[in-house]
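Contents: one structure, followed by commentary.
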Amino acid sequence: MDTANLNLPDNFISRELSLLEFNKRVLAMANDQDVPILERLKFLCIVSSNLDEFFEIRLSSLKEKLIFRANNVGYEMLSTEKNLIKINKSAHELVNNQYELFSHNISTELHNVGINFLPAAQWNNKQYRWLRDFFYREIEPVLSPIALDSTRPFPRILNKSLNFIISLNGVDAFNRKTNIAIIQIPKSLPWLIQLKNEPENENDYVFLYEIIRQFVIQLFNGMEIKGCYQFRITRNIDYFLNEEKLSNLMFAMQDNLAANRFGKAVRLEVEDDCPMVLKKYLLQKFHLGNQDLYQARELVGLSCLMEIYNTTDKKELKYPEFTPSVPNTILKKSNIFESIANKDLLLNHPYQSFSPIIDMVSQGSNDPNTLSIKMTLYRLGDGYPIINHLVKAAKAGKEVTVLVELRARFDELANIKFANQLQEAGAQVIYGVVSFKTHSKMLLIVRRECNELKRYAHLGTGNYHLETARTYTDYSLLSADKNLTEDLHHIFLQLTGMKNTPPLKKLIQAPFGLHEHLLDCIHQEISNVNKGKKGHIVAKLNALVEPEIIKALYQASSAGVLIDLIIRGECCLKPGLPGISENIRVRSIIGRFLEHSRIYYFYDDGGEKIYCSSADWMERNMFRRVEISFPIENDTLKKHLLNDLNLLLQDNSKAWELQSNGKWIKTKIESGMQKVCAQSTKLLLN
């Protein structure tokens, strides 16, 4: 094998294009006629929110790299610029498909089930009067239109806020002439108004822009309104912290979050019927080019439609509800500690309940035999049950130590609030490690039992987030294994103090060896195949982008190792390349639940090593984050995991296959084949 070929850029897919391909697969769910209509609307909103984050983080970062390299002449500069052109083309295509799907499909089907979006032309007299009163009562008092001139310059526009640009003609009360005005919509106003004047109208909605456009003349009395158009700016929200020079990470985070509201603009969204002269005016004000202009049909920013999903009571328009199961081994015992004292327990969320993990914290906080609780918190959502239990434990005099990761993207403010609550209760709170995010999900409880100390642990592939535990597929390991809990004890000492961790017996930690361990496992499969033995690797991940691991997988494929990859999102590896990746299959499962769990499987000459982990195969997870990978050693639990992996590999209902050109193709059910949907099967089994 010519290993030099493994380094060619053409053998890798860019992360940005891969992310856009992922969102195309999610958008396909919004167009799937087998999916209930409100769930399809939800998938449409998810794509809109994902695109916001894509521009705020990924595309803004790529643009910064291009500017940084602008003085360099060479392949790297040209490659980045060409990649940016491809990304802009793909992003525009995705946005156009979004609006096409909403305008000509989803909105029509919602109308057919009695959920309507009423344009001004369809308001009857009663609705007109109600909306006019609503405008004067709820909207007009909080608006501050700004007519632009030398004393009223163009205002600073908040990231992702809804705004209007108004084309005017005439003079105001001071005899001042102006042609343009800006209205910034306060975030306190909803973008979608539910008509509530009569019971029969409860599923009728009016977009905020329709109301403002209809009554905007009241804000410019005596002037001619030539046009009123929505626009929205997306800004770079990435931040840089020189953590080695910080005296207080929390204060620095608060300052950065405030500044990020006005980061550099990266995208301009405008209604498509806005005159070109106004579009160019806005582009110039935000220092953007034509490639950064995205034209919206009707509503600017589709994610606000999530309000319909959240407020509509028509259960028949959503997925059927289900109740997650709780294993009998837990139900038969008086407390969670008895259930796992002598036997590991593996839970698969959301099919199995997350309540045992909450019970573990709750019972630990109330139990007089509990001496200490140590925990990492990354994303907690509305995590008050867990916080309340930890606060109670701290106030009761138990030793409570919590690592709250303040740098969890989009959860920074919530985590700052939780950290303050815990500190006020007397818990020891730390914010992580300088230059390393703590992404691992760990809980360690120490109890006194029969005059001896015993440790109990929870390790997970997902967050301690009660809402996502109902919609994300993840695994939780509950264990009292002596070696595993001792490893976890040493890791907590490492994070809270200055202790150098001794060699771990079971856990594998990033950035201290996980990357090397994965490469060793891959190369062991290569060695086994070279000896005439079987080699097989299965990895289920959210993302595969780390170059050295991709090269190792290419080498393994070239040697004859069979490789099955289940990658939900970004995948920079290209399967099916002659002489390089012919033995690699890559699939993605996009269904009702977000596939979030990370599982690594290596055949190991029949030894079958299998791990669950908090880490994707990305550079940041391997080298810039604290991550944990934990082995599944119990034969029964290993069998359950292998069955789950095989079910995902057999899925022909919600699966997509990655092609060597970087495109994804929906798996087809061939004639005579039985339909297999992994998530539906798991719901039936649990």
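Annotation note: Cβ proximity below 8 Å between a residue of the range 308-327 that is in contact (Cβ under 8 Å) with a residue 40 or more places away in the chain and a residue that is open to solvent by 100 Å² or more (accessible area, probe 1.4 Å) and not β-branched (V, I, T) (sequence gap 6+ or interchain) occurs for P324/R470.
Here is a yes/no grid of residues against (1) more than 22 Å from the chain's Cα centre (by Cα); (2) of a type in the set (A, V, I, L, M); (3) crowded, with 20+ Cβ neighbours inside 10 Å:
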| residue | (1), (2), (3) |
| --- | --- |
| C304 | no, no, no |
| K315 | yes, no, no |
| T329 | yes, no, no |
| S334 | yes, no, no |
| I340 | yes, yes, yes |
| D344 | yes, no, no |
| H349 | no, no, yes |
| Q352 | no, no, yes |
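Condition first: farther than 30 Å from F593 by Cβ, β-branched (V, I, T) and touching an Asp or Glu at 6+ places or on another chain (Cβ under 6 Å). Can you find one or more residues in the range 441-461 that meet it?
no
Taking the criterion of being over 25 Å from P320 (Cα atoms) and within 20 Å of the chain's Cα centre (by Cα), the residues of the range 8-23 that qualify are S14, R15, E16, L17, S18, L19, L20, E21, F22. Output yes when any residue across the range 343-361 is modelled with pLDDT of 95 or more, under 16 Å from V446 (Cβ atoms) and not charged (D, E, K, R), and no when none is. Yes: the range 343-361 contains one or more residues that are modelled with pLDDT of 95 or more, under 16 Å from V446 (Cβ atoms) and not charged (D, E, K, R). Number of residues in the range 533-572 that are over 16 Å from H517 (Cβ atoms) and either over 25 Å from the mean Cα position of the chain (by Cα) or not β-branched (V, I, T) (or both) equals 26.
Each row is one residue, and each column tells you yes or no for (1) of a type outside the set (A, V, I, L, M); (2) more than 28 Å from G569 (Cα to Cα).
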site	(1), (2)
I430	no, yes
H439	yes, no
H465	yes, no
S476	yes, no
F492	yes, yes
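Residues that are open to solvent by 20 Å² or more (accessible area, probe 1.4 Å) and under 13 Å from F492 (Cα atoms) were ranked within the range 432-441; the one that is modelled with the highest pLDDT is V433. Only one of the listed residues (K226, K160) is crowded, with 16+ Cβ neighbours inside 10 Å, charged (D, E, K, R) and under 23 Å from Q284 (Cα atoms). That residue is K160. I'd like the full set of residues that are among the charged types (D, E, K, R), part of a helix (DSSP H, G or I) and either open to solvent by less than 10 Å² (accessible area, probe 1.4 Å) or closer than 18 Å to A121 by Cβ (or both), limited to the range 189-217. Within the range 189-217, E210, R213 qualify.
The residue pairs whose first member lies in the range 139-168 and is on the phi > 0 side of the Ramachandran plot and in a loop (DSSP other than H, G, I, E, B), whose second member is among the polar types (S, T, N, Q) and open to solvent by less than 20 Å² (accessible area, probe 1.4 Å), and whose beta carbons are closer than 8 Å, counting only pairs six or more residues apart or on different chains, are K160/T234. In the condition set (1) small (G, A, S); (2) surrounded by 22 or more Cβ atoms within 10 Å (Cβ to Cβ); (3) farther than 30 Å from A457 by Cα, G576 is compliant with all but (2). Taking each residue of the range 453-477 that is in a strand (DSSP E or B) and looking for partners that are of a type in the set (V, I, T) and open to solvent by 10 Å² or more (accessible area, probe 1.4 Å) with beta-carbon atoms closer than 6 Å, six or more apart or interchain, yields L453/V446; R455/V446.
Looking only at residues of the range 175-188 that are polar (S, T, N, Q) and either within 33 Å of the chain's Cα centre (by Cα) or open to solvent by 20 Å² or more (accessible area, probe 1.4 Å) (or both), we find that the one that is modelled with the lowest pLDDT is N175. Before we move on, is L443 part of a strand (DSSP E or B) and not hydroxyl-bearing (S, T, Y)? The answer is yes for L443. Among the conditions (1) modelled with pLDDT under 95; (2) within 13 Å of V538 (Cβ to Cβ), the only one that R598 does not satisfy is (1).
Among the residues of the range 449-477, the one identified as in contact with a helix residue (DSSP H, G or I) (Cβ under 7 Å, 6 or more places away or on another chain), under 22 Å from Y600 (Cβ atoms) and surrounded by fewer than 24 Cβ atoms within 10 Å (Cβ to Cβ) is G462. Restricting L78, L84 to residues that are modelled with pLDDT under 95, open to solvent by 50 Å² or more (accessible area, probe 1.4 Å) and not small (G, A, S) narrows the list to L78. Of the residues screened, R235 is not one that is in contact with an Asp or Glu (Cβ under 6 Å, 6 or more places away or on another chain), open to solvent by less than 70 Å² (accessible area, probe 1.4 Å) and at pLDDT 65 or above. Within the range 372-425, the set of residues being of a type in the set (D, E), surrounded by fewer than 20 Cβ atoms within 10 Å (Cβ to Cβ) and either at pLDDT below 90 or assigned to a helix (DSSP H, G or I) (or both) comprises D382, E412, E424.
Here's the yes/no breakdown for (1) open to solvent by less than 30 Å² (accessible area, probe 1.4 Å); (2) modelled with pLDDT of 65 or more; (3) within 18 Å of N88 (Cα to Cα); (4) acidic (D, E):
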residue	(1), (2), (3), (4)
L257	no, no, no, no
N260	yes, no, no, no
E269	yes, yes, yes, yes
D273	no, yes, no, yes
V277	no, yes, no, no
Y281	no, yes, no, no
L293	yes, yes, yes, no
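The single residue among K533, K551 that is touching an Asp or Glu at 6+ places or on another chain (Cβ under 9 Å), at pLDDT 95 or above and open to solvent by 30 Å² or more (accessible area, probe 1.4 Å) turns out to be K533.
The values are calculated or read from the model by the stated rules, or taken from the named source; none is laboratory data. The shown structure was predicted, so the numbers you read here are calculated from the model rather than taken from an experiment. All Cβ positions, even for glycine, are placed from backbone atoms using ideal geometry, and neighbour counts span all protein chains on display. Heavy atoms of the whole protein, side chains included, go into the accessibility calculation; ligands, DNA and RNA do not. Shrake-Rupley method; radii C 1.70, N 1.55, O 1.52, S 1.80 Å.
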